[in-house]
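Trainee: Here it is, the structure, as structure tokens.
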Amino acid sequence: MEAIVRAAQVGKWPARVAAIISNRADAAGLAFASANGIATAVVPSKDYPSRDAFDVALQAEIDRYAPDLVVLAGFMRILTESFVRHYEGRMLNIHPSLLPSFKGLHTHQQALDAGVKLHGATVHFVTAELDHGPIVAQAAVPVEEGDTEDTLAARVLAQEHLIYPQAVRDFIEGRLTISQGRVSRA
Ligand code: NHR
């Protein structure tokens, strides 16, 4: 999230980050957003009795800002089908693996356990099926001998900080089209 905000500031994007919204009041990104003059909001997931109730509240909060694009960046709650459909074609996520390998959580440990030689990150449009939406961009990194979850995660994260801001910029500047589950970049 911080990499995207910084890229938008430095690169003079024809867009602004309307708000940073978290389900946790203690999220570090909220303090960063405030320090950078960006509106913040918290929709505390723990206060809602169901995923549906939380997603309805989250959607209402997001839509107050009428964003053109919703960017998941460190967001860790599985989203309901109805929520995902509302933002269809205008919600991005970055997943820390080369999809379709290693969906879900603990992806760096999954990569180490599988013994792959290449790992990486994937920017995708969000669909109801977890970590499955149309792929916008990917970056690969080598898995090195002696890697731990932490060393591998750091190598992937450096690439995430490059490809996610670029993908958001491509969307904002109208370069991305989705057709039959494939993304093309003009
Ligand atoms: N929701 C849908 N419908 N589709 C996707 O592709 C989504 C999504 C919500 C979040 C980000 C994601 C990732 O790229 C994301 C993609 C959390 C979980 C998870 O299992 C899975 C994937 C992702 C984020 N969350 C647990 C849950 O029960 C909670 C885990 C926790 O709090 O630590 O929601 O990795």
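The values are calculated or read from the model by the stated rules, or taken from the named source; none is laboratory data. Note that the structure is predicted; figures quoted are calculated from it, not measured. As a convention, Cβ positions derive from the backbone with ideal geometry for all residues, glycine included, and neighbour counts pool all protein chains shown.
Trainee: Under 7 Å between Cβ atoms, which residue pairs at least 6 apart in sequence (or on different chains) link something in the stretch 120-148 that is in contact (Cβ under 8 Å) with a residue 40 or more places away in the chain and within 17 Å of residue 159 (Cα to Cα) with a partner that is crowded, with 18+ Cβ neighbours inside 10 Å and aromatic (Phe, Trp, Tyr)?
Mentor: Between residues of the stretch 120-148 that are in contact (Cβ under 8 Å) with a residue 40 or more places away in the chain and within 17 Å of residue 159 (Cα to Cα) and residues that are crowded, with 18+ Cβ neighbours inside 10 Å and aromatic (Phe, Trp, Tyr), the close pairs are 123/164; 136/125.
Trainee: Could you please find all residues in the stretch 37-60 being of a type outside the set (Phe, Trp, Tyr) and touching a helix residue (DSSP H, G or I) at 6+ places or on another chain (Cβ under 6 Å)?
Mentor: Of everything in the stretch 37-60, those that are of a type outside the set (Phe, Trp, Tyr) and touching a helix residue (DSSP H, G or I) at 6+ places or on another chain (Cβ under 6 Å) turn out to be 40, 41, 43, 45, 55, 59.
Trainee: For the stretch 63-99, give me each residue that is among the aliphatic types (A, V, I, L, M) and part of a loop (DSSP other than H, G, I, E, B).
Mentor: Within the stretch 63-99, 66, 69, 73, 76, 78, 79, 98, 99 qualify.
Trainee: Something else: Looking only at the stretch 33-43, filter to residues that are crowded, with 16+ Cβ neighbours inside 10 Å and part of a loop (DSSP other than H, G, I, E, B); which one of those is farthest from the ligand (Cβ to nearest atom)?
Mentor: 38
Residue by residue, here is whether (1) of a type in the set (A, V, I, L, M, F, W, C); (2) within 23 Å of residue 3 (Cβ to Cβ); (3) within 13 Å of the ligand (Cβ to nearest atom) holds:
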{"position": "99", "(1), (2), (3)": "yes, yes, yes"}
{"position": "110", "(1), (2), (3)": "no, no, yes"}
{"position": "113", "(1), (2), (3)": "no, no, no"}
{"position": "119", "(1), (2), (3)": "no, yes, no"}
{"position": "125", "(1), (2), (3)": "yes, yes, yes"}
{"position": "128", "(1), (2), (3)": "yes, no, yes"}
{"position": "131", "(1), (2), (3)": "no, yes, yes"}
{"position": "134", "(1), (2), (3)": "no, yes, yes"}
{"position": "137", "(1), (2), (3)": "yes, yes, no"}
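Trainee: Still on this structure, I have one more. So which residues in the stretch 126-154 are part of a helix (DSSP H, G or I) and of a type outside the set (Ser, Thr, Tyr)?
Mentor: If the condition is that a residue be part of a helix (DSSP H, G or I) and of a type outside the set (Ser, Thr, Tyr), then 149, 150, 152, 153, 154 are the ones that fit.
Trainee: Okay, moving on. Take the conditions outside any loop (DSSP other than H, G, I, E, B), under 30 Å from residue 52 (Cβ atoms) and more than 10 Å from the ligand (Cβ to nearest atom) and apply them to residue 171. Does it pass?
Mentor: yes
Trainee: Now a separate question. Which of the residues belonging to the stretch 139-154 are within 15 Å of the ligand (Cβ to nearest atom) and farther than 18 Å from residue 75 by Cα?
Mentor: Selection gives 139, 149.
So that you can scan it fast, the table gives a plain yes or no per residue for (1) within 15 Å of the ligand (Cβ to nearest atom); (2) surrounded by 14 or more Cβ atoms within 10 Å (Cβ to Cβ); (3) among the charged types (D, E, K, R); (4) at pLDDT 95 or above:
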{"position": "5", "(1), (2), (3), (4)": "no, yes, no, yes"}
{"position": "31", "(1), (2), (3), (4)": "no, no, no, yes"}
{"position": "45", "(1), (2), (3), (4)": "yes, yes, no, yes"}
{"position": "53", "(1), (2), (3), (4)": "yes, no, no, yes"}
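Trainee: Could I ask something else about it? All but one of (1) surrounded by 15 or more Cβ atoms within 10 Å (Cβ to Cβ); (2) within 12 Å of the ligand (Cβ to nearest atom); (3) not charged (D, E, K, R) hold for residue 62; which doesn't?
Mentor: (2)
Trainee: Right, another one. I'd like to know if the stretch 143-166 contains one or more residues that are over 18 Å from residue 11 (Cβ atoms), over 18 Å from the mean Cα position of the chain (by Cα) and among the hydroxyl-bearing types (Ser, Thr, Tyr).
Mentor: For the stretch 143-166, residues over 18 Å from residue 11 (Cβ atoms), over 18 Å from the mean Cα position of the chain (by Cα) and among the hydroxyl-bearing types (Ser, Thr, Tyr): present.
Trainee: Pull up the stretch 67-81, narrow it to residues that are closer than 18 Å to residue 169 by Cα and more than 7 Å from the ligand (Cβ to nearest atom), then point me to the one that is nearest to the chain's Cα centre (by Cα).
Mentor: 73
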